[in-house]
Structures are given as C-alpha cells and as structure tokens.
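The values are calculated or read from the model by the stated rules, or taken from the named source; none is laboratory data. From a predicted model like this one, the values you see are computed outputs, not experimental measurements. Here the Cβ positions follow ideal geometry from the backbone for every residue, glycine too, while neighbour counts run over all protein chains shown. Protein only, heavy atoms only, side chains kept; ligands, DNA and RNA dropped before computing areas. Shrake-Rupley method; radii C 1.70, N 1.55, O 1.52, S 1.80 Å.
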Amino acid sequence: MYNVIVFAGTTEGYDLCRFLSKNKIPVFACVATEYGSRSVEENSCLKVHAARLSGEEMEALFQELHPEMVLDATHPYASEVTKNIRKACENTGTVYQRVLREEGRCREQETAVYVDSPEAAAEYLKNTEGNILLTTGSKELGKFTALPGYRERIFARVLSLPSVMTACASLGLEGKHLIGMQGPFSRELNAAMLRQYDCRYLVTKDSGKAGGFLEKAEAAMECNVQMVIIGRPLKEEGLSLAECKKMLSDRFAVERKPQVTLLGIGMGSRETLTVQGQKALERAELLIGAKRIADSVKLPHHQVIYEYRSDVIADYIAAHPEYEHVVVALSGDVGFYSGARKLLSLLGEDTEVICGISSVVYFMAKAGLSWDDAKIVSAHGRSCNLISLIRCHKKVFAILGTSDGTSQLARKLTDYGMGEVVLHVGENLSYENEKVFAAPAKELTKYQGDPLSVVCAYNENALPRPETHGIPDEEFIRGKAPMTKEEVRTVSLSKLKLTEDSVCYDVGAGTGSVSVEMALRAHQGMVYAIEKKEEAAGLLLQNKKKFAADNLEIILGTAPEALENLPVPTHAFIGGSSGNLHEILQVLLDKNEHVRIVINCITLETISEALCAIRKFDFRETEVVQLAASRAKEIGRYHLMMGENPIYIITCQK
C-alpha cells in the first residue's frame, strides 16, 4: 500500500519523494526513464518505477495501489502526460494534485521575444542572422531544420544519451554543433557557451526556476544575447513545492521543525561567502533577510522573504513549517553588531550559526592596519560618542551607515582641534565599486560618500582617559563666572557615582568644570549643562571645545523650566538653584524617581532648604558632608594655608 504516487522527472518531484519517504509516508515514484530514476534512491518507504506509462497503464496502477492521492510534478511542458494523469485520476476516483514550478522572472524577459511554439520560433529566426544556442531538447530539434543554414547556425544542447545523439546526428547536427550535457547549468556556464559559439540568440522554454530558466536569462543578459522564449503551453493551477509540503504535513500529521541557519554573508558580494555558507544556501528552500542582503546571495530555487525584524522572522518561520531548511541572512559576521543575538533567543538552541567575514577584519586588511589594538564600535543606528573614543584611543574602527557620516565626523574632529587625525575610509566593501582611501580629517569636512561605509580613525596624539576626577582649575577657561573648585569637584563627582553611559544634568553649570568632568567620565552617555547667564554659557562652549566633550549639550535657561524637555536623567548635580531647589527636585523625581542627586550648598539658608526638601521627598539614602579645603600660599620664605569657602555636599537617592 502506497499513500502517495508521485509523477516525478523534475527537481520538485524528486524533492517530494525524498520528503515523503523521510517522514515514513510510503510513496511510489513514477519517472519516465532509467536516467531519471538515478535522482532518487529506493528505500523501505520509496519505490521507483522507471518507464513511460500510457493512460490505461496509469489507471491500472492506481487501481492496484489505491493511493490516497496522486501528485503530478511532471515538467511544465509535459502537457500530454498531465492530461493522462488527470483523466486516470478522474476515472479511478483518486485525489489529484498538480505541483507547479514557479516561473522564472528577470530583467531579460522584458526585452525577450515570446512565441507560441517551436515552429513559431523557427519562423521568427528565419529573418535573423547569427548563431543560435538551442536549449529546448532533442524532441523539438526537427522543427528547426526548416531554418535556412541551420547546420551552421544552430548549436543544440541535449542530453548525453546515445539514442539522443544518434537522433540529432540523423537531422544533420553533429560535431561541435551538438553539445551533449546534463544540467543543471549555472549562469557562468551558459554565458561561456554563448561566448564560445558566438551566439546572438538563445532559444528556451520558460521552465521555471528549478529548470534553470533564470540562469539562461541572466547569461543572455550578460552576453547581450536575444532570448526567444517558447511560452508555457498550459495555464495551470496548482500548488508550489512549499505549499505542497505544507498540505502533505497537515494531511499526514507530520511533525516538522525546520533547520534554521543564521548566516553571516560577509561584506555582501558572493565572493566573501564562506564555503560553509554557500552549502547552507544551496540546501535552503526559504531565504529571509533585508532586501540588499538577501538579493546578494539568493539562488534561483529560493523562496525569498524580505524582513529584518527578529520577532517577525521568528513568527514567520513558526507559521510556515513546510520549509525544511531556512537561512536567515545577516550582514557581515553574526557575532559583530548583528541581529543574531536576538534571533537566537527567539529561535532556540537548535539554530545553526555560521559566521561570516566581519567588516573590521576585511577593511583593516585592505587598509594595511592591524586591529588587535583598535577600539571597535558601531555608530550605525545607535548612540556612540566617537569624538571621546578617538581622543583617547590611537585607533578607533566604526561602522557609519550614512552618506555624510565621514564628513560629520571630520567636521567635529576639526572643530575640536583634531583635524590632523587620519581617517581611513571604506565604502561598498567587496563590491565592484569598492573604495578604500585615507586622508586627514580636515580634508574631508565636505566629503559625500556611500551609506555602506566604515572608518578607522588613527590618532597619533591620543590622550589617556583620566582615571580619577580632579582636572586642575587652571586648565579651564574661567572668565568671571563662578567655578566649582577642583577639590569640591573631586568629592562631589565621586559621590555621584557616574557610569560611562550615564545621562546627567548639571544645574547651574557656570564655566562648566563639573559638566566637562561629567562628560569625560560618562563618555558614552550625555551631559546637559543648564546655565541662565549668557556669559557663562559662552565659557561653557569654550571649555566644551577645549576638552572635546562632544557629549555635552549646553541649555541656556533657568531651572526647572529648562529641564522639562530634556531626556530622562540618571544623575543630577545641582550647583546653583536660584531659590528653586524644591521645584527642581520635583521635576527630577517626576522624570526618574531613582535619579541620584548631589547638591552643593555654600550658604546656611541653602542647607536649610536642601534638608527640608530631603524630608519632603522622603529620600531613602541621604548623606551630608561638609568640606573645608585650604591651599598653601607662599609669603616670602613661608607658606600659609589659605582657607577656601566651606562647602556642604549633599547626596540623596530614593
């Protein structure tokens, strides 16, 4: 007893036979020739019958085996066979299902000549000149003998069977005009044949993706050869291969979990794919990825879904168990700023992961730079303070992702006095229009490049990042604005406990000594310096540029109003409140009830106001430190200690 009879002879048919037998569903495969039977191996669930069957023989077979259904996966042009299978199913009351090939589609089809039959193709070619590559098989060859000079013009590609070669020779085609080969044929091989025989025309049937139509069309386009396409003889309805597998899975209760591979494709061109990656793509039925990525590696047999959102990808795979092998294509390497991390958490531990060549490895080799001592980051779609990193590292590699990314970086470096930093730039890596060059930042301030870009900044004069607080007072540009002194800054900022990605407010920033030190410490975060006096704000800007604090934003205004539209803070330093301390604290806590706050008080009145606020807002952690610092002053042969104003440092957090 066989549950399914498959009329194969095509890639789809063989695939269905393997699918059914693999899932222990008994299948009887019918192929027309002994040659076709070699494409599938018999096993306990698969029987192969190699012989052409008449309609009567089909009916007898169905009555003998009593299958639940018959799958017609014959060639799109085997119209007579399809008619016989349909009729035999009708006469025996057997369920019939047609399995269709997906039609090939490419740009060459827009300019191709379409004809209804081989005779019409020959008629069209009578009025042309130039050699012809004929790929319609030996059965149709006789139709083209009506073409004047066909023995010299036609190069026929047929199966390499002795009977076929003899039949072709009897029509007058032999020697170099007769090409005996078995497909599939790649685009490169098709193109090589067109060039070898100096062909101007390629005659083919639209045999679909699996029949190699796309490879022929792409080769014709590459070689500037006119295609003559003999259209499909039948307008059929049926299921695609994937739809048929889903139907079979549902009907026979097949529990299926696809093998999913997360594939890093390298830079983007097929040449940077690993061999392991190429094999995964050849196995895959479904390819998922962002359009640029998927288009760069897709194969003719792939069903392609353009998608990059991890949750959508996971949901789609779960909803389509008909695909046995799925590849999710990701740019570069799956371990380098890739979506693979989230996908793995959604798809499970059985997911296969194949790494690719990362952009940092490829580009640094092209630029002649080592990358073992480089700071590696991505500024593509994420917050990244490149200026701070370049200031403190000799080499910084970054993925950019915008056409003006290089010029924006160059302008900032130049504004911060780092115009001599050399920018090594790479665009369209691995593609034909790849561009790799280097120039000082000051020469690239107006450069417009490609969004698909990376950069390595090389700074010979990189400064080590300060490990402790306390920049000497004399290094700041001061003017007449008030400034929090070095000792007070050191203690205040240690109490604030900043991290590298903190979002900080400096309320009453003055000259910006606290703001600058905050920005250098929270170098991958943001600092908002709120100052109501224009003169002080001008000094702030000068100090921002001097210390290359690109993550410091100056807000001219009075708190708390100036705080309303700022991002949520993680930390806040209040050096001056202009009598609005309660209101400022209220705004801070409304934005983030866990914000950590440090307040500096000079007067007793401010201390009293701050202590009242602490009680009002019920802070769980409070600390008050009184700091009195003295500095030595040289007077003749002696040094006297000169006291600074005592400061109260209040720390509070809920």
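Under a straight-distance cross-link criterion of Cα-Cα below 16 Å, which aspartates and glutamates are reachable from Lys342, leaving out those fewer than 8 residues away in the same chain? Lys342 reaches Glu307, Asp311, Asp315, Asp333, Asp350, Glu352.
So how tilted is helix 405-415 from the main axis of the chain? Cα-based, degrees 0 to 90, rounded to 10. Tilt relative to the chain: about 20 degrees. Quick one: helix 486-496 against the long Cα principal axis of the chain, what's the angle to the nearest 10°, folded into 0 to 90? For helix 486-496, the angle is close to 50 degrees. Per-residue SASA remark: Thr570, around 50 Å² accessible (1.4 Å probe; ligands, DNA and RNA not included). Here Lys24 is the anchor, and the lysines within straight C-alpha reach of less than 30 Å, apart from those fewer than 8 places off in the same chain, are Lys47, Lys83, Lys87, Lys209, Lys245, Lys246, Lys257, Lys279. Annotation: peptides 215-228, 428-441, ranked by per-residue average of other Cβ atoms within 10 Å with the highest first, follow the order 215-228, 428-441. Counting only protein heavy atoms and a 1.4 Å probe, the stretch 566-654 has 56 square angstrom of accessible area per residue.
Length gained on full extension, Cys45 to Met69, computed as 0.36 nm times the residue gap minus the Cα-Cα distance: 7.1 nm.
Cα-based radius of gyration for the stretch 431-555, normalised by 2.2 N^0.38 Å, reads 1.29. Each label point was placed 7 Å from the Cα along the Cα-to-Cβ direction; for Lys291 and Arg251 their separation is 3.8 nm.
Look at where the Cα atoms of the stretch 436-458 and of the stretch 500-542 average out, and the two centres are 29 Å apart. Contact order for the chain, expressed relative to its length and based on alpha carbon pairs under 8 Å spaced 6+ residues apart, stands at 7 percent. Rolling a 1.4 Å probe over the heavy atoms of the protein chains gives the stretch 351-397 an accessible area of 44 Å² per residue.
The angle separating the long axis of helix 187-196 from the principal Cα axis of greatest extent in the chain is about 60 degrees. Starting from the Cα of Lys375, draw a straight line to each of the aspartates and glutamates and keep only those under 17 Å, dropping any in the same chain fewer than 8 residues away. Answer for Lys375, where 17 Å is the Cα cut-off: Glu460, Glu500, Asp501, listed by chain and number. DSSP assigns beta bridges within the chain; of those with both partners inside it, close to 35 percent run antiparallel.
Measuring nothing but protein heavy atoms, the accessible surface of the chain at 1.4 Å probe radius is 49 percent carbon and sulfur. Projecting the Cα positions of Val377, Tyr638, Cys168 onto the charge dipole of the chain (unit charges on Cβ atoms of Lys, Arg, Asp and Glu, taken about the Cα centre) puts Tyr638 furthest along the positive direction. Using the rule -39500 (n - 2.57) for each DSSP H run of four or more residues, divided by the residues of the chain, the 222 nm mean residue ellipticity is -9500 deg cm²/dmol.
Loop only per DSSP, at most 12 neighbouring Cβ atoms within 10 Å: give me the GluC sites (Glu not before Pro) in the stretch 554-602, ordered by residue number.
Glu564, Glu593
The calculated FRET efficiency for the pair Lys495 and Ser345, based on their C-beta separation and a Förster distance of 45 Å, comes to about 0.75.
Can you work out the FRET efficiency for the pair Arg478 and Gln626, with r the C-beta to C-beta distance and R0 = 22 Å, to the nearest 0.05?
The pair Arg478/Gln626 has a calculated efficiency of 0.30.
Inter-label distance, Ala439 to Ser578: 4.6 nm, where each label sits 7 Å from its Cα along the C-beta direction. Each part gets one Cα centre, and for the stretch 325-377 versus the stretch 580-619 those centres are 47 Å apart.
Label separation (Glu188 vs Asn461): 5.1 nm, computed from points 7 Å beyond Cα along the C-beta direction. Of (i) 71, 27, 24; (ii) 75, 30, 18; (iii) 44, 35, 28, which is the value of semi-axes √(5λ) of the Cα gyration tensor in Å derived from the coordinates here? Derived directly from the coordinates: (ii). Computed on the stretch 316-420, with alpha-carbon pairs under 8 angstrom and 6+ residues apart, the relative contact order is 17 percent.
Basic side chains Lys and Arg get +1 at the Cβ, acidic Asp and Glu get -1 at the Cβ, and with that the dipole of the stretch 322-439 about its Cα centre reaches some 780 debye. Using heavy atoms of the protein chains and a probe of 1.4 Å, the accessible area assigned to Cys45 is about 20 Å². Compute the Cα gyration tensor for the stretch 272-333, then decide on rounded, prolate or oblate, letting a ≥ b ≥ c be the square roots of its eigenvalues: rounded whenever a/c is under 1.5, prolate when a/b is larger than b/c in the other cases, and oblate in all that remain. The shape class here is oblate.
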